[in-house]
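One structure is given here, and the rest of the page talks about it.
The values are calculated or read from the model by the stated rules, or taken from the named source; none is laboratory data. In this text, all values refer to a predicted model and were calculated from it rather than measured experimentally. Glycine gets a Cβ as well: all are built from the backbone with ideal geometry, and neighbour counts include every protein chain shown. To get the accessible areas, we keep the full protein, side chains included, count just its heavy atoms, and leave off ligands, DNA and RNA. Shrake-Rupley method; radii C 1.70, N 1.55, O 1.52, S 1.80 Å.
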Amino acid sequence: MQNMVILGATGSIGASTLSVIASNPAEFHVYGLVANASVDKMLALCVKYQPQYAHMVDEAAAMQLKALLPSHSATQVTTGAEALNALVTDSKTDTVMAAIVGAAGLVPTFDAVKAGKRVLLANKEALVMSGELFMNTAKASGATVLPVDSEHNAIFQCLPQQVQDQLGYCDLNGNGISHILLTGSGGPFLHTDLTTLSTMTPAQACNHPNWSMGPKISVDSATMMNKGLEFIEARWLFNTQKDQLKVVIHPQSVIHSMVQYRDGSVIAQMGNPDMRTPIAHCMSYPQRIQAGVEPLDFFKVGELSFCEPDFSRFPCLRLAMQACEQGQEATTVLNAANEIAVDSFLKGQIRFTDIADVNHHCLDSVQQTRLANIEDILQLDEQARKTAKSVINALN
C-alpha cells in the first residue's frame, strides 16, 4: 500500500490520478491532497477519499474548507509553505504526484525530491526551470523520478531497463540509441492560415482536437510551447546530446513518442490519448495495473501521419529549442515569460501571436546569471515575469 500525496489534486492530472487509485484501492492510499483555492472541489475529494491532510495554498480557502468539512472528518486542513514542505517530506509519504501547473509547483516538487521520495513528475516546469539542479539533487538523495507526461512516459517505456535506471545520467549512444523522437499533435492551429493566427481567440486555442487539458496547457499546445517545454524536459531526463532529440508532428496522438536505435529499429509506445495510462504506469512501475483506459482498437485508428514542425507557424517551439541549447538560465526565463504571456492572452489582453513576441523579447533582454540554487532560480523567474509584464503593457 503506497501513501500518495497529490499536488494539484483538483486539476485534470489530479482527477486522473484519483481515478487510477479508485480502480486499485488495495494498492494506493490517498494520504494528502494539495490544491490552490478550489474549495468546493477539494471538499468533495475529502469527503470521498478521507485523506489525512488537505492542504490549500490559499489561506482563506483553507479556512473555508475547514469550516465546511463534517465535524467527524479526520482530515487535517493545512496551509502555508512550511506545512506543504512537511507533507511532501513526511516519513509516511511514499509517493508524490507532482501535478501543480507552472512555476508554483517547483518548490514542493523539489522538496519531495530532496527528501528522496518517489516522485511522479507531471510538472514540466520543475525540469524546465531547474533541470540540472533537479536531477543532481535526485541522484544525491536517492529519489525515484518517473515521467508522467505522455510523451516522456512513452520514451521511458521504449528504453532498455539500464537506461530507465539511470535517468538524468544515462548514456544513450552507449546503449545503441541514435535518436529520441518526441511527437506532438500540432494542436488546433496545425492547418490554420498563417495570416489569421493573430485573430485566434482563447476559446479557439483551448479547443484541442485530441486531449482534454486545462487552459494554460491547451494554449501552450496551440503555440507548441508545450512541445518546446517537453523538449527541454527530455533533455534533462534522458541526458540527450545535441541532435539526439527530434520533434515529429503526429496529428492523431496515437503514437505518444518513439526511440530510434542504431540498428534501424524504432520502438513506439501507442495508446488512446488518456492520461490515466502514463499515470498508472508510473504509479505501479515496474509492474502494470488497471488504468481504466480502453485498449487501442487498430481497426478504428485509421491513418497515422507525420510531418516536420513549421517554425514559422510555431515560433515558440524554436525559441524553446534555442533556450535548451543555451542552458538552464535561458529556459527559466522562457518559462516565466511564457506563463505571463499565456495568462494575458487568456484574459484577452494580447493577441495569440503576441505570445511568441513577448517570449522572444524576454529571452533577449533579461540578464542571465549562473543559477546555483532554488533561490537563484526563483529570483530570475521573478525578474523575467516583471520584464514580460512590462512588454505586455507596452503592447497595450
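Arranged from highest to lowest average of other beta-carbon atoms within 10 Å per residue, in what order do the peptides 22-29, 296-303 appear? Present the calculation step by step, with values, prior to reporting the outcome.
Details: 22-29: 14.2, 296-303: 8.8.
Answer by packing, highest mean first, reads 22-29, 296-303.
Roughly how many percent of the accessible protein surface of the chain is carbon and sulfur, given a 1.4 Å probe and a whole-percent answer? If you can, show how the numbers build up before the last one.
Details: 8320 of 16880 Å².
Looking at the chain in its full context, I get 49 percent from C and S.
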Please calculate the 1.4 Å probe accessible area of residue 49, with all protein chains present, and give it to the nearest 10 Å². 40
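Using only the Cα atoms of segment 307-396, build the gyration tensor, take square roots of its eigenvalues as a ≥ b ≥ c, and label the shape rounded, prolate or oblate: rounded if a/c is under 1.5, else prolate if a/b is larger than b/c, else oblate. Intermediate values should be presented prior to the final figure.
Numbers: a/c = 2.26, a/b = 1.19, b/c = 1.91.
It is oblate, given that a/c is not under 1.5 and a/b is not larger than b/c.
Taking the Cβ of residue 56 as the center, what net charge do the other residues with Cβ under 13 Å away carry, scoring Lys and Arg +1 and Asp and Glu -1?
Working: positive: 41, 66; negative: 40, 58, 59.
Residues close to residue 56 contribute a combined charge of -1.
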The local net charge around residue 240, scoring Lys/Arg +1 and Asp/Glu -1 for residues other than residue 240 whose Cβ lies under 14 Å from its Cβ, equals -4
Rank 255, 136, 109 by how far each Cα sits towards the positive end of the charge dipole of the chain (+1 on Lys, Arg Cβ; -1 on Asp, Glu Cβ) and give me just the farthest. 109
Can you tell me the order of 363-369, 151-157, 314-320 when each peptide is scored by its average per-residue count of other Cβ atoms within 10 angstrom, highest first? 151-157, 314-320, 363-369
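Largest first, what is the accessible-area ranking of 274, 343 with a 1.4 Å probe?
On the way: 274 40, 343 65 Å².
Ranked list, largest accessible area first: 343, 274.
Give me the net charge for the shell around residue 259: Cβ to Cβ below 13 angstrom, other residues only, Lys and Arg +1, Asp and Glu -1.
Combined, the nearby Lys, Arg, Asp and Glu give 0.
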Report the Cα centroid-to-centroid distance between segment 271-323 and segment 69-116 in angstrom, as an integer. 28
In whole Hz, the Karplus estimates of ³J(HN,Hα) for segment 133-145 (6.51, -1.76, 1.60; θ = phi - 60°; x where Gly or Pro) are 5, 4, 6, 5, 5, 4, 5, 5, 8, x, 5, 9, 10
Restricting to segment 1-134, what percent of DSSP beta bridges are antiparallel, rounded to 5? 0
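For the chain, what percent of Cα pairs sit more than 39 Å apart?
Working: 10709 of 78210 pairs.
I get 14 percent for the Cα pairs in the chain exceeding 39 Å.
What whole-number value in Å² describes the accessible area per residue of the chain for a 1.4 Å probe? Let's see the in-between values first.
Details: 16880 Å² over 396 residues.
Value for the chain: 43 Å² per residue.
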Value of [θ]222 nm, deg cm²/dmol, for the chain, DSSP H segments ≥ 4, -39500 (n - 2.57) each, nearest 500: -14000 deg cm²/dmol
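Taking every DSSP beta bridge that has both residues in the chain, what percent is antiparallel when rounded to the nearest 5? Present the calculation step by step, with values, prior to reporting the outcome.
Numbers: 10 of 40 bridges.
Bridges in the chain that DSSP calls antiparallel: roughly 25 percent.
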Please list, or write none, the aspartates and glutamates whose alpha carbon is within less than 17 Å of the alpha carbon of residue 139, excluding same-chain residues fewer than 8 places away. 111, 165, 171, 233
In debye to the nearest 20, the charge dipole size for the chain, taken about the Cα centre with +1 at each Lys and Arg Cβ and -1 at each Asp and Glu Cβ, equals 420
